[in-house]
1. Could you compute the FRET efficiency for Phe94 and Lys290, with r as their C-beta to C-beta distance and R0 at 41 Å, rounded to 0.05?
2. Which order, highest average first, do 254-263, 426-435, 460-469 follow once you tally other Cβ atoms within 10 Å for each residue and take the mean per peptide?
3. Which residues among region 106-122 fall inside the zone where the amide N is under 16 Å from a point 7 Å beyond the Cα of Val198, along Cα→Cβ?
4. Helix-only estimate, please: 222 nm mean residue ellipticity of the chain, summing -39500 (n - 2.57) across DSSP H runs of length 4 or more and dividing by its residues, to the nearest 500.
5. Which value, in Å² and to the nearest 10, is the accessible area of Asp279 when all protein chains are kept and the probe is 1.4 Å?
6. Using 17 Å as the cut-off for backbone N distance, which residues of region 106-132 belong to the label zone defined by a point 7 Å from the Cα of Trp472 along Cα→Cβ?
7. For region 1-70, what is the relative contact order in percent, using Cα pairs closer than 8 Å and at least 6 residues apart in sequence?
8. Using a 1.4 Å probe on the protein chains only, how many percent of the accessible area of the chain belongs to carbon and sulfur?
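The values are calculated or read from the model by the stated rules, or taken from the named source; none is laboratory data. The shown structure was predicted, so the numbers you read here are calculated from the model rather than taken from an experiment. Counting neighbours? That spans all protein chains shown, and the Cβs are built from the backbone with ideal geometry, glycine included. With ligands, DNA and RNA removed, areas are computed over all heavy atoms of the protein, side chains included. Shrake-Rupley method; radii C 1.70, N 1.55, O 1.52, S 1.80 Å.
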Amino acid sequence: MRAAVCTLLAVLAGMLAVPAFAPVGWFPLASLSLALLIGLLERAASVRSGFCLGFAWGLGAFGAGVSWLIIAVSRYGGVFLPVAIFIVFLFCAFLSLYPALVGAFYMRWRRGGLLVRALFFTSLWVLAEWLRGTLLTGFPWLAIGYSQTPPSPVAGYFPIMGVYGVGGVLAFVAALLGTCAVGWEGVRAGGNWKIPAVLVGAICLGGWGFSRIQWVKPDGSPLAVSLVQPNIEQSLKWDSEYFAETLRINVELAGVARGDVVVLPEAALPVTLDVISEDYLNELAGPVNKRNGALVTGVFTREGKRFYNAAITLGKGGGQRYAKTHLVPFGEYSPPLFGWFYRLVSIPMSQQSPGAANQPPLALLGRQIAVNICYEDLFGSELLFSLPQAGLMLNLSNLAWYGDSFAQPQHLQIARARAMETGRPMLRSTNTGITALVLPDGSVPAVLPAFTRGVLEVKVSAYKGFTPYARWGNVPVLVVVLVGIVVGAGRWQAFTTARFQGI
């Protein structure tokens, strides 16, 4: 098969992974996408070919999956559309280096039987995704495991091994299927499809079995929470002439909310706290004060020349703050050597400072609530420090930057993964959507339609206990990955031989 045809097939295989994620949710396509990639790699002839195939797969997956970044750069960042498309293309090309390196290393070191090859590909894939979510502050969006939220049969592995482990399970299944599909000689000689079929069946059955385990349990009586969705269009949010209307909408929605805790989203007050009058804050919190409740709202805070994307509390338990720790590069701060980017775009509040690490949960009405703001909930291991103290998790977001796109349902799917990993409900208050309640089993019993103005009233219990992932994080998965790479590359035999020879 010609190299150009294989490269095109790899691009299409990457694009095929995107509808596996929300909002489409055809989760089997994720396995099929990776199976096609491994099938192409098995037919490739060189390390260079492996690199190009992995890179092409990445361009297809990221180009289609995060194309909504163009909306933020062009429509709201003020960049000429062709330039915005080129900037996002460069970003997707950078992300594509990770699967490209998987392809290259697989071609360089693959050896052994069917299971060894599958383990080797899986280990490389998981390591690459973990590095993509870690290096240079990380961008783990579209980690393949996110596509496997319920009803996927492997969703039961989230509380045990987290999103990277679930991605590894998926990659292992795909490697078995892809290698068999190309008729690799090890399958023909070893007795057809029996072993792969049994393994895939066992993996799916194990996922179903683990999903029946109750890792955590409710703690105390349910709490009435009102999640506010103001639905203020992004072009108006920073408009000084619309500022008074923004304040009025917040007061109106907080006034009709009935919960003991009322939550407004990220940057609901799109200015720094020091310029907001005390009278307005009293008006905003007035209704919850009357019923001895609490209010949480997103606002920017200032300390000298530094300012923070924060959440503050008013009413009972007032005076607490949380400042966003994991900032968005190019959106909330400029990485070194990229000052030119801000000469191209116009992004308000774009030079923020990170909050302190390991900030305590908010103590509200007898519950401990761990706050994360927007992008922070992509980093599951960073949310574990608040456990087991926190019984609830709260995400404040503003995805209006990305218009009516895949960004909103994809972000809700990420929240579902976080709830399963931590064994804690995730409450989401967003500007334009998707405002929702997510339970520890990954279900979404209550949700507001996107791009509607309203208040979602929910009752939710705090939870206590540890999932295995909450206790150990990504460490067990990374240990297995390193062992898999050593075994898959044939280095273990070389090491043991040298050891016995006294070297």
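1. So, using R0 = 41 Å, E works out to roughly 0.20.
2. Numbers: 254-263: 21.9, 426-435: 27.5, 460-469: 20.2.
Output ranking for 254-263, 426-435, 460-469: 426-435, 254-263, 460-469.
3. Label zone hits: 114-116.
4. -14500 deg cm²/dmol
5. Approximately 120 Å² of Asp279 is accessible to the 1.4 Å probe.
6. Backbone N within reach: 123, 127.
7. Details: 78 pairs, mean separation 31.4, N = 70.
That works out to 45 percent.
8. Carbon and sulfur together cover 65 percent of it.
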